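Notes follow the structure.
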Amino acid sequence: MDYIKNLQLIDDKIAAAALRSGRNPEDITLLAVSKVFPVEVLKKVYDTGVRLFGESRPQELRDKMPLLPADIKWHFIGPLQTNKLKYVVPHAELIHAVDSEKLATAIADFAGKKSISASVLIEINTSGEALKRGFPADIAVEQILKISELNHLQIKGLMTMAPYTEDISLIRNSFSLLKKKFDEIKKYLNKPDFNTLSMGMSGDFEIAIEEGSTLVRVGSGIFGPRRR
Ligand SMILES: *Cc1c(COP(=O)(O)O)cnc(C)c1O
């Protein structure tokens, strides 16, 4: 796998999508989603200059982190159960997929006990698909304001997954809904560090950028296809 070439291609596409929507390419961060790939592969991608990696399983993060350079920043992007917080909360710079008040409260309690502060994104179900996780888009504002009052928890923004479909307009609608929610919540929250919109993966990050994404989560586009 030619990681340098993959990354160059993605950087070019990020820049092009930003420019055609009147945005500055530097306002978009690329998260290299390394789940499933072994540490040797992450090391190769690290050696090309990447310092921001995303993992989606708590134990996998726990196992990989000590084997890789300490200047890597880790984001946790997967579902999180409260009995796995110890593998994630002390180590993740950002937790992407907080999808319930219960989880938010558990993270805040855990962070409080460790005297640290956890940074999180709130996951919104923007597609309405029954199997998708996340707060339903229509009740999000009230719940998010409530969560934002927890100590030891910093809400940095929102995250979503687009629907599984070939229909570009449905994908675009889900991203534009998240952006709309983001703007609405930002007005109420009045916090300058509520500034992150995590949306877009290998197949749809260009659409996500056109709709306002600030953080794209790209796995297979960098690392190649995943085997499981
Ligand atoms: C796996 C994963 C990605 C990356 O998916 P690709 O299609 O490989 O880019 C992004 N976000 C989440 C939440 C994931 O679980």
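So is S176 exposed (fewer than 14 other Cβ atoms within 10 Å of the Cβ), under 15 Å from F205 (Cα atoms) and among the polar types (S, T, N, Q) or not? Walk me through how you get there before you give the answer.
On the way: exposed (fewer than 14 other Cβ atoms within 10 Å of the Cβ): no; under 15 Å from F205 (Cα atoms): yes; among the polar types (S, T, N, Q): yes.
The answer is no for S176.
For every residue, the table says whether it meets (1) at pLDDT 95 or above; (2) away from the ligand (no atom under 16 Å from the Cβ); (3) of a type in the set (A, V, I, L, M).
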{"residue": "I122", "(1), (2), (3)": "yes, no, yes"}
{"residue": "K132", "(1), (2), (3)": "no, no, no"}
{"residue": "A140", "(1), (2), (3)": "no, yes, yes"}
{"residue": "D167", "(1), (2), (3)": "yes, yes, no"}
{"residue": "L178", "(1), (2), (3)": "yes, no, yes"}
{"residue": "D183", "(1), (2), (3)": "yes, yes, no"}
{"residue": "L197", "(1), (2), (3)": "yes, no, yes"}
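Of all residues in segment 66-90, which are within 16 Å of A108 (Cα to Cα) and basic (K, R)?
If we filter segment 66-90 for residues that are within 16 Å of A108 (Cα to Cα), which is where we start, we get 76, 80-90.
The answer is K84, K86.
When segment 202-215 is examined, which residues are found to be touching a strand residue (DSSP E or B) at 6+ places or on another chain (Cβ under 8 Å) and over 13 Å from L121 (Cβ atoms)?
Selection gives S202, F205, A208, I209, G212.
Out of A130, A140, A162, I need the residue that is under 15 Å from V98 (Cα atoms) and of a type in the set (A, V, I, L, M, F, W, C). Which one?
The unique qualifying residue is A140.
Collect the residues in segment 5-14 that are surrounded by 13 or more Cβ atoms within 10 Å (Cβ to Cβ) and either more than 26 Å from K64 (Cα to Cα) or without any contact (Cβ under 8 Å) to a residue 60 or more places away in the chain (or both), keeping them in residue-number order. Quick ask: steps written out before the conclusion?
First, the residues of segment 5-14 that are surrounded by 13 or more Cβ atoms within 10 Å (Cβ to Cβ): 6-7, 9-11, 13-14.
Passing the criteria: L9, D11, K13, I14.
Tell me yes or no: at least one residue of segment 157-165 is surrounded by fewer than 23 Cβ atoms within 10 Å (Cβ to Cβ) and more than 16 Å from the ligand (Cβ to nearest atom).
Checked against the condition, which is being surrounded by fewer than 23 Cβ atoms within 10 Å (Cβ to Cβ) and more than 16 Å from the ligand (Cβ to nearest atom), segment 157-165 yields no hits at all.
For the list (1) surrounded by fewer than 21 Cβ atoms within 10 Å (Cβ to Cβ); (2) in contact with a helix residue (DSSP H, G or I) (Cβ under 9 Å, 6 or more places away or on another chain), I need the number of the one condition that R227 fails.
It is condition (2) that R227 fails.
Give segment 211-224 a look and list any residue that's within 9 Å of the ligand (Cβ to nearest atom) and surrounded by fewer than 19 Cβ atoms within 10 Å (Cβ to Cβ), or say none. Outline the logic, then answer.
Here is the first cut: in segment 211-224, the ones within 9 Å of the ligand (Cβ to nearest atom) are 216-223.
Answer for segment 211-224, where residues must be within 9 Å of the ligand (Cβ to nearest atom) and surrounded by fewer than 19 Cβ atoms within 10 Å (Cβ to Cβ): just S220.
List the helices (runs of 4 or more DSSP H) inside segment 1-120, counting only whole elements, that have at least 1 residues being hydrophobic (A, V, I, L, M, F, W, C) and closer than 20 Å to D193 by Cβ.
Values: elements: 3-20, 39-47, 58-64, 85-88, 101-113.
Qualifying helices (runs of 4 or more DSSP H): 101-113.
I need every pair where a residue in segment 15-39 that is within 10 Å of the ligand (Cβ to nearest atom) has its Cβ under 7 Å from the Cβ of a residue that is among the acidic types (D, E) and at pLDDT 95 or above, sequence separation at least 6 or different chains.
Final answer for the pair search is S34/E55; K35/E55; K35/E60.
If A208 satisfies all but one of (1) within 13 Å of the ligand (Cβ to nearest atom); (2) of a type outside the set (F, W, Y); (3) surrounded by fewer than 17 Cβ atoms within 10 Å (Cβ to Cβ), what's the number of the condition it fails?
Among (1) within 13 Å of the ligand (Cβ to nearest atom); (2) of a type outside the set (F, W, Y); (3) surrounded by fewer than 17 Cβ atoms within 10 Å (Cβ to Cβ), A208 violates only (3).
Any chance segment 91-100 includes a residue that's in contact with a Leu (Cβ under 8 Å, 6 or more places away or on another chain), without any contact (Cβ under 8 Å) to a residue 40 or more places away in the chain and buried (at least 21 other Cβ atoms within 10 Å of the Cβ)?
Yes, there is a match, as at least one residue in segment 91-100 is in contact with a Leu (Cβ under 8 Å, 6 or more places away or on another chain), without any contact (Cβ under 8 Å) to a residue 40 or more places away in the chain and buried (at least 21 other Cβ atoms within 10 Å of the Cβ).
The values are calculated or read from the model by the stated rules, or taken from the named source; none is laboratory data. Keep in mind that this is a model prediction, so the values were computed, not measured. Note: ideal-geometry Cβ built from the backbone for every residue, glycine included; neighbour counts use all protein chains shown.
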